[in-house]
1. If you take just the helices (runs of 4 or more DSSP H) that sit entirely in segment 138-207, which of them hold at least 3 residues that are surrounded by 13 or more Cβ atoms within 10 Å (Cβ to Cβ) and within 12 Å of the ligand (Cβ to nearest atom)?
2. Do we find that residue 107 is within 9 Å of the ligand (Cβ to nearest atom) and either over 20 Å from residue 174 (Cβ atoms) or surrounded by fewer than 14 Cβ atoms within 10 Å (Cβ to Cβ) (or both) in this structure?
3. Going by the conditions given, is residue 80 more than 15 Å from the ligand (Cβ to nearest atom) and in contact with a Ser or Thr (Cβ under 9 Å, 6 or more places away or on another chain)?
4. Determine whether segment 43-52 contains at least one residue that is charged (D, E, K, R), under 20 Å from residue 122 (Cα atoms) and either surrounded by fewer than 19 Cβ atoms within 10 Å (Cβ to Cβ) or in contact with a helix residue (DSSP H, G or I) (Cβ under 8 Å, 6 or more places away or on another chain) (or both).
5. What are the pairs with Cβ atoms under 9 angstrom where one residue, in segment 187-207, is free of Cβ contacts under 8 Å to residues at least 40 places away in the same chain and the other, located anywhere, is surrounded by fewer than 15 Cβ atoms within 10 Å (Cβ to Cβ) and charged (D, E, K, R)? Sequence gap at least six, or different chains.
6. Go through 17, 94, 65, 36 for me and flag whichever is surrounded by fewer than 22 Cβ atoms within 10 Å (Cβ to Cβ), of a type outside the set (A, V, I, L, M, F, W, C), within 27 Å of residue 130 (Cβ to Cβ) and away from the ligand (no atom under 13 Å from the Cβ).
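Values quoted throughout were computed directly from the atomic coordinates according to the rules given, and no laboratory measurement underlies them. Fair warning: this is a prediction, and the values are worked out from it, not measured in the lab. Here the Cβ positions follow ideal geometry from the backbone for every residue, glycine too, while neighbour counts run over all protein chains shown.
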Amino acid sequence: MKIPLNIRNLELSDINQAMLLEKAAWSHDTQATRVQLEDRLTIFKEGFFGAFTTNEKLIGMASSQIITYSPNDSFKSWETLTSSGWISKTHQPQGNCLHFVSICVHPENHHQGIGKKLNKERLHLAEKLHLKYVLTDTRLPGLSSFLKSNINNLPKDYLAAIKKGEIIEPVVQMYLSLGFQALGLIPDCMKSDEESANFGLAMLKEI
Ligand SMILES: CC(C)(COP(=O)(O)OP(=O)(O)OC[C@H]1O[C@@H](n2cnc3c(N)ncnc32)[C@H](O)[C@@H]1OP(=O)(O)O)[C@@H](O)C(=O)NCCC(=O)NCCS
């Protein structure tokens, strides 16, 4: 069921709600701290969107930063691109690429199109700022189970199966449906992301 939403930039006064949402949406080891959320909001508020119900309850949020990207770059991990979640160390206002730092939707509100709406806001922002690229290093939450299911399974087999449509990885599907291209696997992408066996997938969209 889709519910009416107001999508707007977060304010520092929303940080308590943001923290509650972060805790509900992410496993303990992958959660951002309050200070990291404040860092993302203070450094680039324009790129930090929240989805609010008509009662001003925050049920989804997505943050971003600007980086400098070249198609010749090797794939960089989320840890490197964000200095392990601190965009005050990595945000480059003069860069050419919007990098998606984080997105989550409250588990009670999954599959209602909220993640996609937040991503569309980030894509509009990239257009508005005349950036050339949008980059995301997506999680692969089904990878760990895939690897455990057969000793011969490799991460590259998982990606090949996703590309052939034999395996649906919903997060990847979300970005494919928004026009992103899958570039390649990133080992040690996000530490503590056990579901993804610490791998990520570099995905790019040219604006
Ligand atoms: C990833 C996440 C943000 C998606 O949010 P959501 O609001 O449930 O996503 P949406 O309902 O907008 O779905 C977006 C798209 O994802 C894809 N998708 C979602 N669930 C899917 C499923 N079960 N099977 C296939 N595709 C699926 C579809 O392409 C869908 O678009 P469509 O409905 O137009 O076909 C949410 O699952 C989440 O918070 N996960 C935990 C944190 C996380 O892993 N963040 C991602 C970091 S890369």
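1. Working: elements: 143-149, 155-164, 170-177.
Of the helices (runs of 4 or more DSSP H) lying wholly inside segment 138-207, those with at least 3 residues that are surrounded by 13 or more Cβ atoms within 10 Å (Cβ to Cβ) and within 12 Å of the ligand (Cβ to nearest atom) span 170-177.
2. yes
3. Taking the combined requirement at face value, the residue satisfies it.
4. Of the residues in segment 43-52, the ones charged (D, E, K, R) are 45-46.
This time we only want the ones that are under 20 Å from residue 122 (Cα atoms), so: 45-46.
With the extra rule that they be either surrounded by fewer than 19 Cβ atoms within 10 Å (Cβ to Cβ) or in contact with a helix residue (DSSP H, G or I) (Cβ under 8 Å, 6 or more places away or on another chain) (or both), the set shrinks to 45-46.
Yes, segment 43-52 contains a residue that is charged (D, E, K, R), under 20 Å from residue 122 (Cα atoms) and either surrounded by fewer than 19 Cβ atoms within 10 Å (Cβ to Cβ) or in contact with a helix residue (DSSP H, G or I) (Cβ under 8 Å, 6 or more places away or on another chain) (or both).
5. Going by the 9 Å Cβ cut-off, the qualifying pairs are 198/188; 198/191.
6. Of 17, 94, 65, 36, the one residue that is surrounded by fewer than 22 Cβ atoms within 10 Å (Cβ to Cβ), of a type outside the set (A, V, I, L, M, F, W, C), within 27 Å of residue 130 (Cβ to Cβ) and away from the ligand (no atom under 13 Å from the Cβ) is 94.
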